[in-house]
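Just below is one structure, and these are the notes that go with it.
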Amino acid sequence: MLHLDDTTLFVGLFALILFSAAVQSLSGFGYALLSAPLLTATLGGPQAVSTIMITGTACDIAILAMRRSLPQPAMRETFALGLWSAPGMLAGAWLLTALPVLGLQVFVACVVIAAVVLRVLSRDDGTVLKPAWAAPAGLLSGALSTSTSLAGPPSVYYLVHRGLSPHTMRDTLVTLSLVRLPLSVIALLVTGAWEVYPLWLPLVGAALLGQVAGTQAFHRFGHARYEHIVLGLLTTSAVVSLAALGIT
């Protein structure tokens, strides 16, 4: 784990959270994928997961608040993924406490790289998955949620292939994240893995600022041109996390 003085650490985390939230607002994904490797390298697994959960929730609420219409999630999909996530969350929380620090950094980086590949493959190709696939998607998503905070990729892959519209899919992902939040916190508390970064409140402010900035940029410039840039940034984030192993 990287060791930085308190001021440098806070400034770096503030900038990372702000930038990650802006990327999320621009592209519709990428918040935890971008922030998790670097947070894990600097704060360690438990604080990284808790910090992303808290600030990520602020992002989700901001997304809903800035919508000009009521959210319309696919409630059946939300319920199915949320239900199957519960046992996975307990397994993920145990994994968070069982893995050594260096092992967790490698695991997070590998998950990010796999998620970037999955993101590329998840573009709608017309294939429709059966509802039964919610079980493995939910279990894996729940396990990744509490072990790395990277719950998104399995759910995204499943929902992309359920024939949802882009707005419905986004609303479903946000609603699912909010539904799973108390379950994730309970799983981390039960396993003794809940550990909060002391200056978490200013980081919530950074997340909200990033959401506002990203939304304004999206409306001004559009989404398409950012896709390749964001994917490159996510991969770079994973590489940086692996590189940090050599200087810890």
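The values are calculated or read from the model by the stated rules, or taken from the named source; none is laboratory data. Computed from a prediction, not measured in an experiment: that's the story for all the values here. Backbone-built Cβ (ideal geometry, glycine too); neighbour counts: all protein chains shown. All accessible areas refer to the heavy atoms of the entire protein, side chains included, with ligands and DNA or RNA removed. Shrake-Rupley method; radii C 1.70, N 1.55, O 1.52, S 1.80 Å.
Observations, loosely collected:
- A count restricted to the stretch 7-44 and to residues that are modelled with pLDDT of 85 or more and open to solvent by 10 Å² or more (accessible area, probe 1.4 Å) stands at 14.
- Top-ranked residue in the stretch 111-128 [being in contact with a helix residue (DSSP H, G or I) (Cβ under 6 Å, 6 or more places away or on another chain) and surrounded by fewer than 24 Cβ atoms within 10 Å (Cβ to Cβ); ranked as modelled with the highest pLDDT]: 111
- Single unsatisfied condition, residue 73 versus (1) assigned to a helix (DSSP H, G or I); (2) touching a helix residue (DSSP H, G or I) at 6+ places or on another chain (Cβ under 9 Å): (1)
- Residue selection: residue 102 fails the criterion of being open to solvent by 70 Å² or more (accessible area, probe 1.4 Å), closer than 18 Å to residue 30 by Cβ and modelled with pLDDT under 90.
- Condition broken by residue 238, with the remaining ones in (1) modelled with pLDDT of 70 or more; (2) open to solvent by less than 20 Å² (accessible area, probe 1.4 Å) satisfied: (1)
- Being free of Cβ contacts under 8 Å to residues at least 40 places away in the same chain and not small (Gly, Ala, Ser) is true of residue 5.
- All positions within the stretch 161-193 that are open to solvent by 20 Å² or more (accessible area, probe 1.4 Å) and among the β-branched types (Val, Ile, Thr): 168, 175, 179, 185, 186, 190, 191
- Close pairs from the stretch 28-50: first over 24 Å from residue 160 (Cβ atoms) and outside any helix (DSSP H, G or I), partner open to solvent by less than 20 Å² (accessible area, probe 1.4 Å) and not hydroxyl-bearing (Ser, Thr, Tyr), Cβ under 9 Å, at least 6 apart: 44/104
- Unmet criterion (only one of (1) at pLDDT below 90; (2) open to solvent by 10 Å² or more (accessible area, probe 1.4 Å); (3) not hydrophobic (A, V, I, L, M, F, W, C)) for residue 76: (1)
- The residues in the stretch 164-218 that are part of a loop (DSSP other than H, G, I, E, B) and either closer than 18 Å to residue 20 by Cβ or out of contact with any Asp or Glu (no Cβ under 8 Å at 6 or more places or on another chain) (or both) can be counted, and the count is 10.
- Among (1) closer than 25 Å to residue 206 by Cβ; (2) in a helix (DSSP H, G or I); (3) of a type in the set (A, V, I, L, M, F, W, C) - the single one residue 114 does not satisfy: (1)
- Test: residue 143 is farther than 26 Å from residue 192 by Cα and either without any contact (Cβ under 8 Å) to a residue 24 or more places away in the chain or crowded, with 17+ Cβ neighbours inside 10 Å (or both): no
- In this entry, residue 99 is excluded by the filter for residues that are touching a Gly at 6+ places or on another chain (Cβ under 9 Å), within 22 Å of residue 197 (Cα to Cα) and touching a residue at least 60 places away in the same chain (Cβ under 8 Å).
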